[in-house]
Structures are given as structure tokens and as C-alpha cells.
Amino acid sequence: MTAGNRIVLSSDHTAIPLRQAVAAHVASRGWEAVDIGPTAPDGAPYPQHGEAAARLVVSGDCRFGIILCGTGQGIMMAANKIKGVRCGVCSEPYSARMIRQHNDANMLSMGARVVGEGLALDIVDAFLAAEFEGGRHAPRVEMIRALEA
Ligand code: RB5
């Protein structure tokens, strides 16, 4: 397997079953699911799990990251603090497609208290099927990168 085929998955304690369902789903689609946990509902805080997943994406070890917490918001905020991450919270497939096509997102966040499993898997499929369109969107993504300096 190459980094281009690897997806890191992480969550906090609120989203363990949904994260595991997403991991199984992406594996069934031919991706290598790198599920870094947690596996026990120990209350481990979402910033740590968001950071851990983000580091594997920006290091090049994994092509994408999929992260979850109760709302998807806190873990997204943590991941976006890591230079090189572009992560959006999605609760429907349209946004998931657009954050790839327009924003070149490399991470997707979802809320386990917001979306059910069926919708979450549709969101994941939309995210993974879409490609960055480049063109007029490329300089805008470059502007986001420039903000990190
Ligand atoms: C945990 O209760 C909850 O705060 C967390 O999962 C997440 O929703 C935070 O953004």
C-alpha cells in the first residue's frame, strides 16, 4: 500500500462505533484504513485525536484523514491548527464533494451526534469520489496556505 491509498481515522469517545463503521466502509472501497482509535470510551479529548490524525496526513503517511467527535467541530478545529491541513465539517454529501473540488480538503470531519451511519457513509463516498478542480480555485487554496506562515 502507498500513502495515496491510506486514510487515517480518528475520533473521540463519542464517535467510536461510527468511526469503526467508516473504517470498514472505506476498506470495502479498496482504501487502507489506518484506524488510530481510540477503542475504549475513556474520554480521551478530541484535540489529541484530531492532532494525531492530522500529523499522519501532513507527514504524507496518509492521503486523507477522516475524524469524528460529537459535533465534528472540536476535532476539526484541532486538526486545522496543524500546518497543511484543510479540514471541513460535513453533514451532507454536497459539502463533502465541494471541499474536495474547491478547497482541496485533505481531511473530513463529521459529528456522530449529528449524522447517522447511512448519511455518514454517503458523505465519505462523496468526499473520496471528488477531485480538486484546480483552475480558479488553486490560487485561493494557495491563499489559505499563505495564512499559515
Ligand atoms: C464531547 O462531549 C463533545 O464535546 C465532543 O465530542 C465534540 O462534540 C466537541 O466538539
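The values are calculated or read from the model by the stated rules, or taken from the named source; none is laboratory data. Keep in mind that what you see is a predicted model, and the values were worked out from it rather than measured. Neighbour counts are summed over all protein chains in view; Cβ atoms, including those assigned to glycine, are modelled from backbone coordinates with ideal geometry. Protein only, heavy atoms only, side chains kept; ligands, DNA and RNA dropped before computing areas. Shrake-Rupley method; radii C 1.70, N 1.55, O 1.52, S 1.80 Å.
Structure above, values below:
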quantity	calculated
The stretch 1-61 shape via C-alpha gyration tensor axes, a/c threshold 1.5	oblate
Dipole magnitude of the chain, debye to nearest 20 (Cβ charges: Lys/Arg +1, Asp/Glu -1, about Cα centre)	320
Loop-exposed GluC sites (Glu not before Pro) per DSSP, neighbour cap 14 Cβ within 10 angstrom, longest uninterrupted part of the chain	1-130
The stretch 108-148: radius of gyration and largest Cα-Cα distance (Dmax), Å	14.2, 37
Per-residue SASA entry for residue 76, accessible area with 1.4 Å probe, Å² rounded to 10	30
Total charge dipole magnitude, the stretch 74-124, about the Cα centre, Cβ charges on Lys, Arg, Asp, Glu only, Debye to nearest 20	280
Cα-based helix-to-principal-axis angle, 46-58 vs the chain, degrees rounded to 10	50
Descending Cα extents along the principal axes, the stretch 26-149, whole Å	43, 31, 25
Average Cα contact separation per residue, the stretch 52-149, under 8 Å, 6 or more apart, as relative contact order %	28
Kirkwood Rh and Cα Rg combined as Rg over Rh, evaluated for the stretch 47-105	0.94
Rounded accessible area of residue 94 (nearest 10 Å², 1.4 Å probe)	130
Shape of the stretch 76-130, Cα gyration tensor, a/c cut at 1.5	oblate
Solvent-accessible surface (1.4 angstrom probe) belonging to residue 115, in square angstrom, nearest 10	10
Mean separation of Cα contacts under 8 Å, 6 or more apart, over the residue count of the stretch 4-80: relative contact order %	43
